[in-house]
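**Q** My questions all concern the structure below.
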Amino acid sequence: MKKYSILILALISSIILVSCDDDTNAQKPKPGPSGASKTIKANEFVFSIMDTYYLYNEGISDDKGYPIIDYTKETDTEEYFEKLKDERDIFSFITDDAEEYNKEESGIMTDMGWKVTLMYGDSEKKSVMAAVNYVYEGTPAYEAGVRRGDYVVKINGQQMTPSNYRDVWNKDGQYTLYRFDAEEKREIITCDLKSREINTSPIAEAHIFTLDDGMKVGYLLYMDFKDKFNEELLEVFETFNTEGVSKLILDLRYNPGGAMLACSQLTSLIAPIDVVKSKKQIIHYQYNDNLQKELGVDESTFVNNAEVLGANLNLKDIVIIQGSGTYSASEATIIGLKPYMNVYTIGSTSGGKNTAMFILTPDMFENRLGEPIFDKSINNWLIAPLVAFYYNSENYTFDTTDGDGMDPDYVYNEFDDLYRAPLGKPEEKLTSLALEYIKNGQIAANKSVRIAPFGKVIPAEKYCKIEPLKAEPRVDLFK
């Protein structure tokens, strides 16, 4: 099974079901003959989607709509898809296992049960380690005693390196980990791990901290934007509301994004109540020229969800923790709320994805008679192309051409410390900084930044390749 939980950094937009018309498509390639191979049928599906929806669809077809690359001669659908992608695009993906993807989107996956950051293990960048950020209870990693703050350094006795870590990571077997206490004294731990199917919620931690003056501060560690869990999210905020929470720390440091329906739910629970009642715009989109003409501005807009007013906290300000794992819908939440309230961010520069995706499968498309357009033999394929840039209601977005995203208001890299306290605890470093800001209205050595405005689509001429080995430890662990 392919693992999507680490790779998918998708802001999922609404799905558009298109009815095909013989007249309007007279010059487009016709479906392959009934005897065509599954590969050709899958290639045809890929071309049709990319030619219609893809953000960078110039160069995919000629002026008559014919494919520049003859997909009937392509023998590998995934390789064909990669040929169609623009060099600026590091996010669009395809899979021939739509069922596995949909399971993971519902919180079900085959995994160890942890969130990790892969990084170099020494200053010379010869070794690789995995910093364990969070471990879900009841999972193989949790039951084996792995905890946040541990560092995986060997798997089955093999040290990970830049050349082999993709092959050995997350394999069943014996794991060697380093663990540091508050004085940064090291302990070596070994444990046997075997992945299994687990069911996790993106609402990993929800707590209420009571300050000395009686003020109640809510804390939410939100790992993914998955709309299946919107009711659970609502219940958390109902509790916050009932308990008198007046301030909120939203922890998005490991959240790669997801469904905008979940973003609408979250922002509706956070924003000032008058903003929610008037259904203000959070994010709007700029598609490719042809799609933009078809959709128009109104249809490419997401607004707040007024159905959750009873749980809304009516906040005037919020503290959001971000990091290099903060992408897409998480970044959209940050810039989407800025026009309506004071949004103070703490942590490190966000991942950088100001683009939206559609998640599409062949069985979504029918003609005017309700008949499937694509052969059901390829329904296992799923394609997620970039389709738009996103902006907030003031036409603000952020520039990602330098390979990352938004700088926080207060910069603190959690990987500067070898010991990291559990998440959801007031003593955890970034949480304690957030509480300091709430108490005092500032943090020592505050860094002020602003988001640069863009009135039109940014000329994203070059996106840097995502390098998972960004973070570097403060000391060499292998010496």
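**Q** Which of the peptides 207-216, 254-263 is most tightly packed, and how do the rest follow, judged by the mean count of other Cβ atoms within 10 Å per residue?
**A** Highest mean packing first, the order is 254-263, 207-216.
**Q** For the pairs Lys41/Lys83; Lys280/Lys316; Lys85/Lys353; Lys115/Lys279, note any where the Cα-Cα span goes beyond 23 Å.
**A** Lys115/Lys279, as the Cα separations exceed 23 Å there.
**Q** What order do Tyr410, Tyr219 take when sorted by accessible area (1.4 Å probe), most exposed first?
**A** Largest accessible area first, the residues go Tyr410, Tyr219.
**Q** Sort largest first and round to whole Å: the equivalent ellipsoid semi-axes of the stretch 234-332, each the square root of five times a Cα gyration tensor eigenvalue.
**A** Values for the stretch 234-332, descending: 26, 18, 10 Å.
**Q** So which of Lys247/Lys338; Lys154/Lys226; Lys64/Lys376 end up more than 25 Å apart by C-alpha?
**A** Lys154/Lys226; Lys64/Lys376
**Q** Can you tell me the FRET efficiency between Asp416 and Arg368 if r is taken as the Cβ-Cβ distance and R0 is 60 Å, rounded to the nearest 0.05?
**A** Working from the Cβ atoms, E equals 0.50.
**Q** What distance in nm separates the simple spin-label points at Glu238 and Ser201, each placed 7 Å from Cα in the Cβ direction?
**A** 1.2 nm
**Q** Could you tell me the calculated FRET efficiency between Gln442 and Ala36, based on Cβ-Cβ distance and R0 = 56 angstrom, to the nearest 0.05? Don't skip to the answer; put the middle values down first.
**A** Working: r = 65 Å, r/R0 = 1.17.
With R0 = 56 Å, the Cβ-Cβ based efficiency is 0.30.
**Q** Between Glu79 and Ser377, with labels modelled 7 Å along Cα→Cβ, what's the label distance in nm to one decimal, could you check?
**A** 2.1 nm
**Q** Express in Å², to the nearest 10, the accessible area of Met357 obtained by rolling a 1.4 Å probe over the protein heavy atoms while all chains stay in place.
**A** 0 Å²
**Q** At a probe size of 1.4 Å, how large is the accessible area of Lys126, to the nearest 10 Å²?
**A** Its accessible surface works out to 140 Å², give or take rounding.
**Q** Multiply the residue separation of Glu427 and Thr161 by 0.36 nm, subtract the distance between their alpha-carbon atoms, and state the gained length in nm to one decimal.
**A** Stretched fully, the Glu427-Thr161 segment lengthens by 92.4 nm.
**Q** Another one. Return a whole-number percent for the relative contact order of the stretch 309-447, with Cα pairs under 8 Å and 6 or more residues apart as the contact set. Each step should come with its number before you reach the end.
**A** Details: 216 pairs, mean separation 36.0, N = 139.
Normalised by residue count, the contact order of the stretch 309-447 is 26 percent.
**Q** How far, in nm, would the chain grow between Ile189 and Glu58 when pulled straight, counting 0.36 nm per residue and subtracting the alpha carbon separation?
**A** Once the chain is fully extended between Ile189 and Glu58, it gains 41.9 nm.
**Q** Quick check on the stretch 120-228: what does the Kirkwood estimate of hydrodynamic radius come out to from the alpha carbon pairs, in Å?
**A** On the way: mean 1/r = 0.0616 Å⁻¹.
Its Kirkwood hydrodynamic radius stands at 16.2 Å.
**Q** Please compute the alpha carbon radius of gyration of the stretch 55-196, then divide it by the globular-protein estimate 2.2 N^0.38 Å. Two decimals is fine.
**A** Relative to the 2.2 N^0.38 Å estimate, the stretch 55-196 comes out at 1.42.
**Q** At 0.36 nm per residue, minus the direct Cα-Cα distance, what do Lys171 and Asp96 gain on full extension? Give it in nm, one decimal, please.
**A** Between Lys171 and Asp96, full extension yields an extra 24.8 nm.
**Q** Going 7 Å from the Cα of Lys216 in the Cα-to-Cβ direction, what parts of the stretch 253-274 have a backbone nitrogen less than 19 Å from that spot?
**A** 269-273
**Q** Follow-up. Equivalent ellipsoid semi-axes for the stretch 161-310, as square roots of 5 times the alpha carbon gyration tensor eigenvalues: give them largest first, rounded to whole Å.
**A** Its equivalent ellipsoid spans semi-axes of 37, 27, 14 Å.
**Q** Another one. Could you pull out which residues in the stretch 339-370 have an amide N less than 18 Å from a spot 7 Å beyond the Cα of Asn395, following the Cα-Cβ vector?
**A** 339-340
The values are calculated or read from the model by the stated rules, or taken from the named source; none is laboratory data. Remember, it's a predicted structure, so these values are computed and weren't measured experimentally. Here Cβ is always computed from backbone atoms with ideal geometry, including for glycine, and neighbour counts include all displayed protein chains. The area values use the complete protein model at the heavy-atom level, side chains included, leaving out ligands, DNA and RNA. Shrake-Rupley method; radii C 1.70, N 1.55, O 1.52, S 1.80 Å.
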